[in-house]
Every structure is written in C-alpha cells, then in structure tokens.
C-alpha cells in the first residue's frame, strides 16, 4: 500500500475551504473529496458543518451557478441541467430555483442558434435523416421535444 498522506481535521478543513473557494461545490463533491482524503465519518461531519456555517458550501448558490454556467457556456437545455443536478443530489426546491436563472427569451434564442449551427454542419442529403439527426442532437443537449419541433418547423421551410 502507498504511503498516503493523512490529514488532521484542521488541515482537511483548510484544504476543503480552498476546494470550495476555488469553485462552487455541491455536498456530493465535498463528501467524495473527504472520502478520498480518508477522513472518518465524525471528521467529515465536523468539516461539512464548518463549511456550511462559514458559507463555503451553499447548495442553492451551487445550483444557480451550475445552471447559469451549463446554459451559457455549454448551451445545455433544461432537461440536461435538471438531470445533472438530480445526479448531484440537489433538492427539488434548489433545482426549481436554479432553473429560474435561465431567462426564457435567451433559452429560445440559444436553442435556435444551436439548431441553426448544427443544421449547417449535418452533411446528410436525405432531408428526413437530416431532421432526425438534428432532433437527436438537440435532445442530447437537453432541450424539450416540443420546443425542438417548434424550432425545426420555423427552421426548415
């Protein structure tokens, strides 16, 4: 077995403060990091409590930041954002709050922009197959099917 460094509660707390200050984290990521540091359950609880009390760890702030970032940088749709937040064990309340960060007008503009860009890139002579590829792509980005079809009907005349 490797000689792995062990941490005192204070050292681990400082490490986790830096971990959380660097970028927003959710509880699941913090718990995984503490597990990787081989911290005992009592120490994990104490450290997480400290992070919560000193506002290093804030699930609502994480959710909002996550939704804004994934939408504006990666152009994800609501479905994919919700699924990723659920995967991180975020509460339904915080998921709902996070989705409010995505402006409806921007959402539709982004969907249209992503659809137009992808449409131009799909090299498929068969129109039906080309539409199908676009639908699959937009679905994989997490957009709702009814919006995809609205955009497609406006896009492909």
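Values computed for the structure shown
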read-out: 0 to 90° range, to nearest 10: angle between helix 41-53 axis and the chain longest Cα axis; value: 70
read-out: Ellipticity estimate at 222 nm from DSSP helix runs (n ≥ 4, -39,500 (n - 2.57)) divided over the chain, nearest 500; value: -22500 deg cm²/dmol
read-out: In degrees, nearest ten, helix 9-22 long axis to first principal axis of the chain (Cα); value: 20
read-out: Folded to 0 to 90 degrees: helix 27-36 orientation relative to the chain principal axis, Cα; value: 50
read-out: Within segment 74-94, backbone nitrogen closer than 18 Å to the virtual label 7 Å beyond the Cα of residue 116 toward Cβ; value: 75-76
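Any read-out appearing in this document is the output of simple, stated calculations on the displayed coordinates, not a laboratory observation. None of these values were measured; they are calculated from a predicted model. Ideal geometry is used to build each Cβ from the backbone, glycine not excepted, and the neighbour counts take in all protein chains shown.
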